[in-house]
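The values are calculated or read from the model by the stated rules, or taken from the named source; none is laboratory data. Note that this is a predicted model, so its numbers are computed, not measured. As a convention, Cβ positions derive from the backbone with ideal geometry for all residues, glycine included, and neighbour counts pool all protein chains shown.
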Amino acid sequence: MDFRRLNIIGGWFVFAIAMFTYGSTVEPTTSFWDCGEYIATSYKMEVGHPPGAPTYLLMARLVSMFSPTDQVAYMVNMLSAVSSALTIMFLFWTITYLALKLIKGEEMSRGNTIAVLGSSLLGSLAFTFSDTFWFSAVEGEVYATSSFMTALVFWAILKWESVSDEPHSNRWLIFIWFIIGISIGVHLLNLLAIPAIIFVYYFKKFTPSRKGIVTTLLVSVGILGFVQLILIPQIVNFSAKFELLFTNGFGLPFNTGSTVFGIILISAIVFGLYYSQKKNKVLMNTILLSFTVLFIGYLSFGIILIRSNANPPIDENNPENMVNLLSYLERKQYGDIPLLYGQYFNSPLDNREPYKDGTPLYYPDQETGKYEIADDQKGALPNYASEFMGFFPRMWSAKNNHVRAYKAWSGFEGKPRRYRSIVSGKEEIINKPTFGENISYFVRYQLWWMWGRYFAWNFIGRQNDSQGHRIDSGKLIHGNMYSGIPFIDSMYLGNMEYLPDELKNNKSRNTYFFLPFLIGLIGLYFQYKYDKNNTWVVFLLFAFTGIAIAVYLNMYPYQPRERDYAFVGSFYTFAIWIGLAVIGLYRALREKISGIALPAGITAIGLLAAPFLMASQNWDDHNRSHRYTAREMARNYLDSCDENAILFTNGDNDTFPLWYLQEVEGYRTDVRVVNLMLLNTGWYIEQMARKAYDGEGIPINMSPDVYREGKRTILRFMEDKRLDQDKHYNLKTIVDYVTDDSKMVTLSNGERTNVIPARKIKIPVDREKVIANGTVPPRFADQIVDEVRFEAKGRYILKNNLMVWAMLANFNWDRPIYFSVTMSQDAFYGLEDYFIQEGFAYRLIPVKTEKNGFRDFGAVNSEKMYERLVQKFNWGGYENPDLWMDENNKRFITNIRFTMGRLAEELVNQGDTARAKETLDKCVEVTVNENFPYNGTLASIIEQYYRLGEKEKANDLLMKTVENERQYLQFAFSQDPEDTRRMKSVIRQSLSMIGQATMYVSEQYPQDESIKKEVNDIYTEYVTLYQSEGLQ
């Protein structure tokens, strides 16, 4: 069989292995983070968060449109699995091509054939089982499809290189630019392959020289910058300018300008193609064709416009026209991050011109037929003092927790400089970060922690999947690199002799002993030795998909989640070097060892040292095949609400899975899910005010002019002297005051603004209505208040707060209003004394109950909670100890335990012992120790067991909990003094739980002397250590 056929078979062989792997471990339904949003928006072609990923939405829609609703998520997830398997196949063929370069000019003997195909097999399978790529391969996100397109274009340029001397070979270049064009509609990561592509072209068409390489590098970066920073945004930008000119300037109908611009652009392309063809200008024709197919791929963003005009329930940013689409694609809602020049975290505002004007925001006014300014953006942009600006600013965010982290990572001392403050008017001394400190943060955090550490996870080993920040109490126990070689690991993970069982037995603790990493270095060495040109090409791809991303993202500390998925391209590239180790070692050793045993042996050893080892370590924590937790928790949140409810949520994981259930499975569409973060935007408020499916719009009763972008973004408290500030005012009166522009006041800087005239507020209550419609449970009927009274805190409120107030002012107790239990107390706006818990949501009722414990807001509706938590809710696999639960799932366990503990406590107080026991047993069944080690979150469960006389169950949970906490104390106190002090919060948490256990067994619910002694001895031992270390 000839080599070409073997190579094709080999590619499909690894595709089959990858497809089996990902198909066997794919999540059967939605996952956390953006997956629920992507699945929902693709299924009904809705508009998700910027920049929209229209190509991906089309692909996901295609694979899911004929599926039953309960299989849609699975099919979209399988799109990722298939895309990932195709990535592996093209990686195999890519390595084949590069491996052949190391034996260029030689005959394809059996030894050479085995060595080349062994290289491809080793590298492609190593990437198949790598941590980050596998994670993305089994969920409905864009990164798997983006990786496929990167692998495809890199293989295609190598294919072009092999046939570049043949007629019509430029068709491969056209194909590459077309794939790049459509990949823009998946993710911009694919653009980072452009420099490597340009260098393949350079090395093939020109004789390499130092000057030529430098010139080509500059040109390749320039082309990348042109596509990303000019071509992509400026096509829409010019279209938007034409639209404004033709509509506002010439008085023509909406969309005339963008249509004219499109005609001009297409006409110019057609003319250029015709001219270059007629004049036989091959290079010009190729460039124009490349631009044309890139543009054709980019046109997928037209789907965003079309679907937004249909006003679907999910229509983020409402990009209905080119003017709004420009803002959408520029991701203005996420703010500006400095890249090459900008401010530091403590840069003061310029004391002469503290603010500059931004770009106005427009909206189409159907009455005037023009684009009117919604927000003129006057003085909207901070203008920092030039003396405190710097080149390559890495430490730029002024948020308090970011600043603390900047200082810790950089060893900040700063260089003192004097500056007259715009606030105080006095000269102040500000320690401006030095360039050295700036670079220290860049290297230590952005390069190592946010890229190098992720690289280590994939090829050296991973401690666990808990998000790590390194500078906090989790320094030694969260998210570190972990090789499995004790003397190396102990250098940065401390003394691991007393490692807690939770960390020791964690399924995401994967050890590779540096083997894949070392094999990759061997491959890099031999490629550089035998094929320097392609080493440079591969290195460029590695650098641009790794280091360059770290530079471009300019990440601040305490990211909401780990970001390893963004760097998967560099891990793909390193897998090429892992593969090339086989051909390199074969070439180095074949003079000493002849026959096919050498390449076969090297391949076999490599397979054992990398792919087989990685697969055996990673399978258990990447297998999601029986996990339904995200979907079922979303269902539980919706089912915590009565019919026609409004449910306030806040984060992605509180919202996107709920969107999925409503949009795809059509479940509980009567509930309006309102995300408070998005409620700060005018477009979202307008959408929430409209009816969607069975859910009525939220009753804000406002004109869009009141809440458009730039209107009432921040509302300050400014007491109206004409109002008695000791009196509570009707919320409707306050809202009317705030929305009445005649009540605006003039600030000292001349700004006219709306203000809030009083802090003490009331909401009237219709007693008969709230009893009749079931708002208040019968047993609380005698506690109904005449008015819900609360006092607003802080110096100001945001637009979302005003919208919540508007709803409360107008809902007239006709609809249930709920707040998710995962929200912070700040999001309750002072209403928490009037909450009643009915599941995983607090309902607002006109009954006042003082807080009586940690997060125990308001009262408990034991009837509804029991029915829902114990009898109705599904848990999606939480109760299965054999399933791996990642950190996202573990975060929900605290809420489950607290909620069930609170219900059990209420049932015990009511004397309902049978249902209290059932509730406690359900909690223990669902939150198993194997997946969610017992800790302080079980305190209430243990106490209620004691109160019920269930001594054996209580003692069993208590002793397991004490042992878990003891292990953490033993581990913490076995470290050097500095690391022990760093773990102070962990120590205090564990001591608190053991101290509480001591109170239980010794005083509150006295137990046998043996238990008392064991618990008291543990507590005494570690309290003594705590005091001796001076940690009080």
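If only residues of region 704-733 that are out of contact with any Gly (no Cβ under 8 Å at 6 or more places or on another chain) and hydrophobic (A, V, I, L, M, F, W, C) are counted, the one that is nearest to Tyr362 (Cα to Cα) is Val706. Within region 560-613, the residues that satisfy the criterion of being surrounded by fewer than 24 Cβ atoms within 10 Å (Cβ to Cβ), free of Cβ contacts under 8 Å to residues at least 60 places away in the same chain and in a helix (DSSP H, G or I) are Leu589, Ala597, Gly601, Ala604, Ile605, Leu608, Phe612.
Consider Ala408 carefully, then state whether it is assigned to a helix (DSSP H, G or I) and either more than 30 Å from Phe517 (Cβ to Cβ) or small (Gly, Ala, Ser) (or both). For Ala408, the condition - assigned to a helix (DSSP H, G or I) and either more than 30 Å from Phe517 (Cβ to Cβ) or small (Gly, Ala, Ser) (or both) - is met. Filtering region 27-42 for residues that are under 28 Å from Ser124 (Cα atoms), among the polar types (S, T, N, Q) and surrounded by fewer than 23 Cβ atoms within 10 Å (Cβ to Cβ) leaves an empty set.
Among the residues in region 895-911, are any surrounded by fewer than 20 Cβ atoms within 10 Å (Cβ to Cβ), within 34 Å of the chain's Cα centre (by Cα) and not acidic (Asp, Glu)? Working first, answer last.
Filtering region 895-911 down to residues surrounded by fewer than 20 Cβ atoms within 10 Å (Cβ to Cβ) leaves 895, 909-911.
Filter again for within 34 Å of the chain's Cα centre (by Cα), leaving 895.
Those still in the list that are not acidic (Asp, Glu) too: 895.
Yes, that holds for at least one residue.
Would you check if there is a residue in region 931-946 being hydrophobic (A, V, I, L, M, F, W, C) and touching a Gly at 6+ places or on another chain (Cβ under 7 Å)? Scanning region 931-946, I find at least one residue that is hydrophobic (A, V, I, L, M, F, W, C) and touching a Gly at 6+ places or on another chain (Cβ under 7 Å), so the answer is yes. Taken over region 233-267, the criterion of being in a helix (DSSP H, G or I) and over 25 Å from Phe291 (Cα atoms) is satisfied by Leu244, Leu245, Phe246, Thr247, Asn248, Gly249.
With respect to Gly682, determine if the residue is surrounded by fewer than 18 Cβ atoms within 10 Å (Cβ to Cβ) and touching a Phe, Trp or Tyr at 6+ places or on another chain (Cβ under 8 Å).
Working: surrounded by fewer than 18 Cβ atoms within 10 Å (Cβ to Cβ): no; touching a Phe, Trp or Tyr at 6+ places or on another chain (Cβ under 8 Å): yes.
The answer is no for Gly682.
Residue count for region 685-729, restricted to those that are closer than 30 Å to Asp786 by Cα, touching a Phe, Trp or Tyr at 6+ places or on another chain (Cβ under 9 Å) and among the acidic types (Asp, Glu): 1. Summed over region 234-260, residues that are surrounded by fewer than 16 Cβ atoms within 10 Å (Cβ to Cβ) and over 37 Å from the mean Cα position of the chain (by Cα) total 5.
Among the residues of region 314-327, which ones are in contact with a helix residue (DSSP H, G or I) (Cβ under 7 Å, 6 or more places away or on another chain) and either outside any strand (DSSP E or B) or within 18 Å of Leu188 (Cβ to Cβ) (or both)? Correct list: Ile314, Asn317, Asn318, Pro319, Glu320, Asn321, Met322, Val323, Leu325, Leu326. As a summary of the residue check, Ser410 satisfies the conditions (1) surrounded by 14 or more Cβ atoms within 10 Å (Cβ to Cβ); (2) of a type outside the set (A, V, I, L, M, F, W, C); (3) within 25 Å of the chain's Cα centre (by Cα) except for the one numbered (3).
Tell me, please, whether a residue that is among the basic types (Lys, Arg), modelled with pLDDT under 95 and surrounded by fewer than 14 Cβ atoms within 10 Å (Cβ to Cβ) can be found in region 753-768. Looking for residues that are among the basic types (Lys, Arg), modelled with pLDDT under 95 and surrounded by fewer than 14 Cβ atoms within 10 Å (Cβ to Cβ), one finds none in region 753-768, hence no. For region 622-643, the count of residues that are outside any helix (DSSP H, G or I) and either in contact with a strand residue (DSSP E or B) (Cβ under 7 Å, 6 or more places away or on another chain) or of a type in the set (A, V, I, L, M) (or both) is at least one. Residues that are in contact (Cβ under 8 Å) with a residue 60 or more places away in the chain, hydroxyl-bearing (Ser, Thr, Tyr), crowded, with 18+ Cβ neighbours inside 10 Å and under 30 Å from Pro319 (Cβ atoms) do occur in region 703-710, at least one of them.
If you check Ser130, Ser164, Ser120, Ser124, which single one turns out to be more than 23 Å from Asn533 (Cα to Cα) and of a type in the set (Gly, Ala, Ser)?
Ser130
Please enumerate the residues belonging to region 997-1032 that are touching a helix residue (DSSP H, G or I) at 6+ places or on another chain (Cβ under 9 Å) and hydrophobic (A, V, I, L, M, F, W, C). Matches in region 997-1032: Ala997, Val1001, Ile1011, Val1015, Ile1018, Val1023, Leu1025, Leu1031.
Being at positive phi and crowded, with 20+ Cβ neighbours inside 10 Å is the filter here; which residues of region 812-828 pass it?
As a first pass, look at region 812-828 and keep what is at positive phi: 812-813.
Scanning region 812-828 gives a single hit, Trp813.
For Trp875, the conditions (1) assigned to a helix (DSSP H, G or I); (2) not assigned by TED's automatic domain parsing to the domain that holds Tyr1000 are fulfilled apart from (1).
Can you confirm whether Val735 is outside any loop (DSSP other than H, G, I, E, B) and over 11 Å from Ile756 (Cβ atoms)? Criteria not met by Val735.
Looking across Asn401, Asn431, one residue alone is assigned to a helix (DSSP H, G or I) and in contact (Cβ under 8 Å) with a residue 60 or more places away in the chain. It is Asn401. Taking region 746-777 as the range and being touching a helix residue (DSSP H, G or I) at 6+ places or on another chain (Cβ under 8 Å) and of a type outside the set (D, E, K, R) as the test, the residues that pass are Asn754, Val755, Ile756, Pro757, Ala758, Ile761, Ile763, Ile771, Thr775, Val776, Pro777.
For Lys917, are the conditions met, namely being under 28 Å from the mean Cα position of the chain (by Cα), assigned to a helix (DSSP H, G or I) and surrounded by fewer than 20 Cβ atoms within 10 Å (Cβ to Cβ)? Quick ask: steps written out before the conclusion?
Working: under 28 Å from the mean Cα position of the chain (by Cα): no; assigned to a helix (DSSP H, G or I): yes; surrounded by fewer than 20 Cβ atoms within 10 Å (Cβ to Cβ): yes.
Criteria not met by Lys917.
Kindly indicate whether any position in region 465-479 is at pLDDT 95 or above and assigned to a loop (DSSP other than H, G, I, E, B). For region 465-479, residues at pLDDT 95 or above and assigned to a loop (DSSP other than H, G, I, E, B): absent.
Okay, residues lined up against (1) closer than 29 Å to Phe892 by Cα; (2) assigned to a helix (DSSP H, G or I):
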| site | (1), (2) |
| --- | --- |
| Asp956 | yes, yes |
| Met959 | yes, yes |
| Asn964 | yes, yes |
| Gln967 | yes, yes |
| Gln975 | no, no |
| Gln989 | yes, yes |
| Val1001 | yes, yes |
| Ser1010 | no, yes |
| Lys1013 | no, yes |
